[in-house]
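One structure is given below, encoded as structure tokens.
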Amino acid sequence: MEYTVIQLLWSSASVLFMYYLIDLLSIRKHTGHPLIGNSWKIAPRLKLNFDFFWDGTRLLQEGYQKARYKSGTFQLVRNQGNIVILPASLLEELSVLPSNVASPHGALEHDLLGSYTGLNLILESRIHHSIVQRKLTPRLSLLTPALEAELRFALQESFPKLQHDNWAEFQPYQIFGKISARLTALFRTIVILRILPQWVHPLVSVLLPSFWRGRHYLQQGKDVLEPKIRELIQEDHTSTPDSFDPETSNVLYWLTESAKGADRDPDTIAHIEVLLALASVHTTLLRMVNVLYDITASGHDLVEELRDEVQTVFNSEEAWANPGSYDRLYKLDSVLRESQRMSPPTTLGMKRLFKEDFTFSSGLHMSKGTYVCMPIFAIENDPANTSNPEQFDGLRNYRARCSVQVNKRGDASADGKEYLFSSPGKTVLNFGYGKSACPGRFFASLIIKMLFVKLLTEYDFQFLPGRGRPSNLMAHEFLFSWPWEKMVVRRRGKTVPVP
Ligand code: HEM
């Protein structure tokens with residue numbers, strides 16, 4: 001009996017040792033790209049993954065600084081496999097590679113642990129991208145009045161008992177994220193699973209409450225949406241592109257209308273609708289919370305400057321009736337972009353999975369199956385690209401935009417558009433770059449501005465006594481705001497008449 005136990009222990013130890021050796025070999029699989037953060041040469045993947053989880057931003061900065069003067073690439077280790085970080089000089093070439101060579105969705109599915117979170121559907125369908133690009137964005141001005149009404153209602157519900165001059169505690173994340181709170185359960189599953197080795201995912205995922213909550217919300221979403229989708233499929237409607245109809249101007253309607261072939265199925269359409277909410281809600285919520293923190297931390301002068309801008313732009317009933325007025329809030333737009341520079345949803349971007357071998361024009365070779373990305377936070381916050389990067393300067397982009405207009409007066413194309421929140425640039429990659437850049441960025445820009453027009457004109461905000469700007473939390477490359485952080489708010493006495 002004792003002999004059997006010892007034998008069992010030896011066998012288990014041998015299996016673990018073999019696993020460790022194989023793992024160690026696989027860690028060094030992309031020769032030619034230096035491993036960053038690997039002070040201990042025989043560190044197991046679990047430790048290297050944990051280092052990245054805990055200290056990712058610093059490791060990426062370190063790799064970026066070292067790589068700039070060497071081959072330009074470096075490598076980090078995750079449980080899901082190694083990632084190769086490419087230099088910014090390859091941006092143009094990478095961004096035009098077709099998805100059968102370097103797939104953004106292959107990388108995203110890999111990243112978000114698709115099979116455990118239900119996000120693998122993005123690989124099978126492209127409809128979520130085209131809906132936002134072709135149906136939502138062209139209709140933004142038609143949708144603006146309805147969005148304003150929705151926002152007014154939501155704010156009334158959230159801050160119901162505020163009196164002028166009475167400060168009240170509130171939780172920005174909870175209020176801004178009422179609708180999104182349920183879906184963040186999917187994100188929690190991703191973060192927890194990514195700490196653990198890949199082979200334990202099938203077991204651990206089913207033990208995570210967030211996994212079941214995510215599944216439950218996905219199922220709940222589907223249960224609510226499916227009967228309506230079935231009805232829409234049967235009725236075979238077409239929406240009117242140039243007028244707003246509260247019944248038909250919505251994503252569900254557009255999805256049903258556009259879905260063809262295998263996509264034209266209630267389960268698939270409902271799944272896509274829920275995933276779209278996930279793509280949009282978490283990212284916009286993070287921006288709303290962080291812009292409020294950044295504006296409050298900047299102090300009275302910035303707040304007043306933004307209020308003056310709102311007053312100047314929305315100076316008449318016609319201005320309020322014109323959805324394009326939000327596009328003229330250049331100072332607020334600048335704050336949004338600056339806030340996203342300092343606290344982006346992720347510090348890595350331009351993620352691609354190579355589907356076949358490929359050699360860049362520089363001679364850099366990528367073998368099939370290589371996961372690549374760019375250190376977008378490190379690139380944007382390099383002093384060579386942004387002066388005083390550690391300082392939040394809300395009007396930085398506004399001034400840059402104005403100076404382009406002044407210096408290139410007479411050149412109609414020099415409108416400084418490249419400094420707008422929704423404009424990706426070679427060193428500003430938070431929305432991606434090129435043809436696969438986020439199609440929802442114009443919508444995000446509009447709704448965040450709408451919210452801040454209301455907040456700035458109708459409310460005053462402060463941090464709790466003795467507290468400064470709340471810090472964000474980082475896990476791997478992802479940024480999170482503490483959901484229960486509190487601030488104080490009061491209703492303003494004198495307000496711009498907001499409809
Ligand atoms: C501040 C808010 C947002 C940020 C920072 C953001 C960021 C991103 C990024 C980095 C990508 C990947 C681009 C690439 O592969 O190069 C992306 C894709 C996408 N985003 Fe956004 N996004 C935001 C808001 C939204 C909103 C509001 C919507 C929907 C209305 C949306 C819908 C999408 C869709 C459909 C994709 C494409 C996914 C795919 O191709 O599979 N996003 N976004």
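Some points to look at:
- Inter-site label distance for residue 426 and residue 486 at 7 Å from Cα along Cβ, in nm: 4.9 nm
- Exposure rank, largest accessible area first [482, 167, 254; 1.4 Å]: 482, 167, 254
- Positive-end residue, region 418-499 charge dipole about Cα centroid, Cβ charges, pick of 431, 421, 453: 453
- Peptides 48-59, 353-364 ranked from most to least packed, by the mean per-residue count of other Cβ atoms within 10 Å: 48-59, 353-364.
- Region 410-455 - percent of accessible surface contributed by carbon and sulfur, probe 1.4 Å: 58 percent
- Filter on 135/161; 449/486; 355/426 - keep pairs with C-alpha separation over 30 Å: 135/161
The values are calculated or read from the model by the stated rules, or taken from the named source; none is laboratory data. Remember, predicted model here, so these are calculated numbers, not experimental data. Every residue, glycine as well, gets a Cβ built from its backbone with ideal geometry; the counts of neighbours run over all protein chains shown. Keep in mind that these areas ignore ligands, DNA and RNA; they rest on the heavy atoms of the full protein, side chains included. Shrake-Rupley method; radii C 1.70, N 1.55, O 1.52, S 1.80 Å.
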